[in-house]
Every structure is written in C-alpha cells, then in structure tokens.
Amino acid sequence: MTKRATSPINEPREMRYIIVLPDGVSDVPIPELGGKTPLEVAKHPNMDWIAREGLTGWAHTIPKGFAPGSDVGCMSVFGYDPRKYHTGRAPLEAAAMGVTLKADQVAFRCNTLTVQDGVMVDHSADHITTDESAQLIDAVSQRLSCNGVQFYAGVSYRHIAVVNGPDFADVQCTPPHDILGKPIEAYLPTGPGADMLNQAMRDSVGLLKDHPVNQRRVLEGKRPATMLWFWGQGTATALPSFQSAYGKRAACISAVDIVRGIGRLAGFEMVKVPGITGYFDTNYRGKAEHALKALDGGCDLVLVHIESTDEAGHMGDAKKKVQAIEDVDRLVVGTLLDGLKSRGAFGIMVVCDHPTSTPLRTHVADAVPFAIYATKGRKDAICAYNETAVKQSTQRLEHGFELMSFFLSLGS
C-alpha cells in the first residue's frame, strides 16, 4: 500500500474526493428487462456524466478464493487488501457496534430471519424494524447466553453473536441470502463447534415462535422472525489507519454495520445522517448533503455507501433495482455534483463492492465497473456508466484494493 505524506494543516487542499458506493449495483442481463442489466435500463444521467467526462474501468474487488461478500468487496474499495487484512465479516460489524473482541473470541453475524417448513424464505424477516428485532434478540439472549453465546443487537435483522474459543473461526457457515427458497438442513453449520451453534439456532425457534413481536407481525400481514442464523464468523480485525496509509482525512456515511465497521477500524470519521435505513426508504439526499458538510468541515475524502441496490437484487426484483439506481443517481450523485462543482477541484468515483445477480438473488465474484471524474484527471472515450459501455474500457485493476490509490492519483 502506497504511503502519502500528510499535508500541513494550514496548506490549502487542492482536491476533495467523494466515493459513491451503491452496493451490488452491477448485475447480469435480465430477461424481464429485455436482456439488459438494471444499470443499462435505469436513467442515471449523473453517473453517465462522470463516465463521459472522466474515465472508466473494471476492478476485481473479490480476490480469487474469497466469497463475494460486502465484507471483502468493501474492504477492497476502502483501499485495503483482503488477502492481508480480512478475518471475517462479523468482526467488522462488531467493530461498528463498539464490540471489542478478545484474542480467543469469535464473532458471528446473527440474522433474525424467516424459515418456514424448513425452507429459507426471507433472510431479513420482511426487513424487520430495529426495535422489533432488538426485542427478539433480548429475549433470546436471556435464555441462550448461558450456553456461551453473547448477543449484541444491531440494525434491523443484522446482529452479532460472540462465542469463546478460536476454533469456532473454522466452522463452515452459509450466508442465508445465498439459499433463499432452499431447505436449510443441508446448509446448517458444520465443523468445530457446529453442534453448539446448531443447538442455539434450533432453540431459538421455540423462543421466537410465540413472542409478542412475532404475533403482532403476523396479525399485520408481515413475516415473523422465526429463527436465528449464524454466519460470517471471524476473529478480531486490525487495519492501519487511512490517514497513515493514504495521507487523507476521511469520513464514512452508511446505515450498514459492515461498512461502518471497516471505516471505524481504518480511522474514518463516522458521519451521522438522520433517517438512513439501509433500505428503499433511506434518506438519500441527506447522505449527499452531509457528505458535502464533511468536506467543508475539513475531510479530504468521504465514502457514501447505499444499500438499497443490493437489497433489490436479493429480493429478485429487477424493477426495484432500476428504481433504486435512479434514486441514487438523482438524489445522491446529482446532489453531490451540484455541491462539488461550486467547491473547487474535486474527484468523484462511482463503484460497487461486488455484482449482485438479481436472477440468482445473491452476490457473484465478477469484476465491477467504475467511473471516475477528476478536475485534473484523464478522460477516455466511454460515455455511459453500465456494464456494456464499460466493457470498451482498457483500464482493468486485477487487485481491487489498488483502486483507491488509482483514484487519488488522478487528482495529484
């Protein structure tokens, strides 16, 4: 990782940088969309402006041998080599929640989700609210913590479970969003410590079944959270600070713990934005407005993460993904460009962490397209931001973590 000298505090900053990360925005051709991808169908003139006035390319954010998750892909986009620093997904989310892991502890992501008749129906229990899900985790924690599992409530369906014993890091687990519509029995944890995890997961079924939160959700026509699901395990993660690695003061905006966790570990300032949810009802414009405020407050770079595009892919809803892309373009990218153009020299990049296949309803490990505009940067002949257009680009980064250095170099 290239180190850059930190600028003196009173020295005028020549460039300000924004990274817009619409999670899982890249996709595959979809019959429902006439054989096109959501990026090809959606109207996103602001992303296209970045591609037309700047340059484009491809980056392999998921190293060979790694599962295509946001933990790996986002770590690459942040500028850190997953092959060197990645220990698992859950430790990153634990960091976002302020949970400090001891050397002999392993963190797991713990979803409150919907399993019916032994089939994985919904990895989010209809995107259960944070308050409802926290009540369920509290109820389960009172009964299962005595079995050596500590629970920490997170956002919506996303929680953390911590167990003692480093051997748990070697257990084999399956992300629940990878098995939607499939019987769960073949995908339960296996390996060291799996018996204890499976018992806790099975015990959670009885504990959640008659909880008042679930009874109310059923009456309201919503899916209940019928089970806990452990996955994404790992031991404590450590990252060198972004300031020391790249010489930039940086900030992060996201409603998702996995992204905020990477940011915290890398020393990013966490920008709080009212009304951000990690779903379609998130405060898109607020994210852009607070990013601009962070630049005005002295940050050199702000990373803005949006989850809705990925959620649409997991739902298998191509139309929702198109709408999410258009919302991101109009409310986030458009607001950012309007603000940046009045603030002097700037660089802005649009890139995702991994493709999310809407037909498969899960992540894939293909390279992702990026588009970069920099006031002092180069320009290529590509005129749109979508998979087909960017295929014409000759710029390809085999190691996705090098994209950060590449982006910053265009403004120097």
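As a rough footprinting exposure proxy, the listed residues Lys222, Lys319 were ranked by other beta carbons within 10 Å of their own, and the order from fewest upward is Lys319, Lys222. The ranking of Met270, Met15 from fewest to most other beta carbons within 10 Å of each one's beta carbon is Met270, Met15.
The helix-based estimate of mean residue ellipticity at 222 nm for the chain, built from -39,500 (n - 2.57) per DSSP H run of four or more residues and divided by its residue count, is -9000 deg cm²/dmol to the nearest 500.
Does anything in the stretch 230-247 have its amide N under 19 Å from the 7 Å Cα→Cβ label point of Gln199, and if so which residues? Under 19 Å, as judged by backbone N against the label point of Gln199, lie 230-231 of the stretch 230-247.
Across the chain, C-alpha contacts under 8 Å between residues 6 or more apart give a mean separation that, scaled by the residue count, equals a relative contact order of 33 percent.
FRET efficiency for the Ala139 to Gln395 pair, using the beta carbon distance and R₀ = 56 Å, is estimated at 0.60. I'm spelling it out carefully: the read-out is Cα extents along the principal axes in Å, the candidates are (1) 77, 58, 41; (2) 60, 49, 38; (3) 75, 45, 44, and one was derived from this structure. Which label? Given (1) 77, 58, 41; (2) 60, 49, 38; (3) 75, 45, 44, the calculated one carries the label (2).
Charge tally around Ala161: other residues with Cβ under 12 Å, Lys/Arg +1 each, Asp/Glu -1 each, net +1. Counting only alpha carbon atoms, the long axis of helix 130-144 and the longest principal axis of the chain meet at about 40°. Between helix 194-209 and the chain, what is the angle of the helix's C-alpha long axis to the longest principal axis, kept within 0 to 90° and rounded to the nearest 10? For 194-209 against the chain, the angle is about 80 degrees.
Taking the centroid of alpha carbons for each part, the stretch 44-122 and the stretch 306-361 are 16 Å apart.
Within the stretch 246-365, the ratio Rg/Rh, alpha carbon atoms throughout and Rh by Kirkwood, equals 0.97. The slack in the chain from Asn164 to Glu269, taken as 0.36 nm per residue of separation less the alpha-carbon distance, amounts to 34.8 nm. When you count the other C-beta atoms within 10 angstrom of each residue and take the mean per peptide, 377-384, 235-242 line up highest first as 235-242, 377-384. Under 18 Å of direct C-alpha separation, and excluding same-chain neighbours fewer than eight residues apart, Lys320 reaches these aspartates and glutamates: Asp23, Asp27, Glu32, Glu40, Asp122, Asp126, Asp281, Glu307, Asp310, Glu311, Asp329.
Measuring from label point to label point, each 7 Å out along Cα→Cβ, what is the Glu185 to Glu53 span in nm? Label-label distance for Glu185 and Glu53, simple model: 5.9 nm. Once the mean of 1/r is taken over each pair of separate Cα atoms and inverted, the stretch 87-194 shows a Kirkwood hydrodynamic radius of 14.5 Å. Distance between the pseudo-spin-label points of Arg343 and Tyr279 (7 Å out from Cα toward the beta carbon): 3.0 nm. Cβ crowding within 10 Å ranks Val256, Val328 as Val256, Val328, fewest other Cβ atoms first. With the simple spin-label model, which puts each label point 7 Å out from Cα in the Cβ direction, the Ser244 to Asp131 separation comes to 4.3 nm. Test of understanding: in a Gaussian network model of the chain with alpha carbons linked when under 10 Å, which of Thr37, Thr335, Thr129 would top the mean-square fluctuation ranking? Among Thr37, Thr335, Thr129, the largest mean-square fluctuation in the Gaussian network model of the chain belongs to Thr129. Peptides 174-184, 84-94 ranked from most to least packed give 84-94, 174-184, packing being the mean of other C-beta atoms within 10 angstrom over each peptide's residues. Helix 284-296 and the long axis of the chain differ in direction by around 60°, with both axes built from C-alpha atoms.
Bear in mind these aren't lab numbers, they're just calculated from the coordinates by the rules spelled out. Nothing here was measured: the structure is a model prediction, and the numbers come from that model. Backbone-built Cβ (ideal geometry, glycine too); neighbour counts: all protein chains shown.
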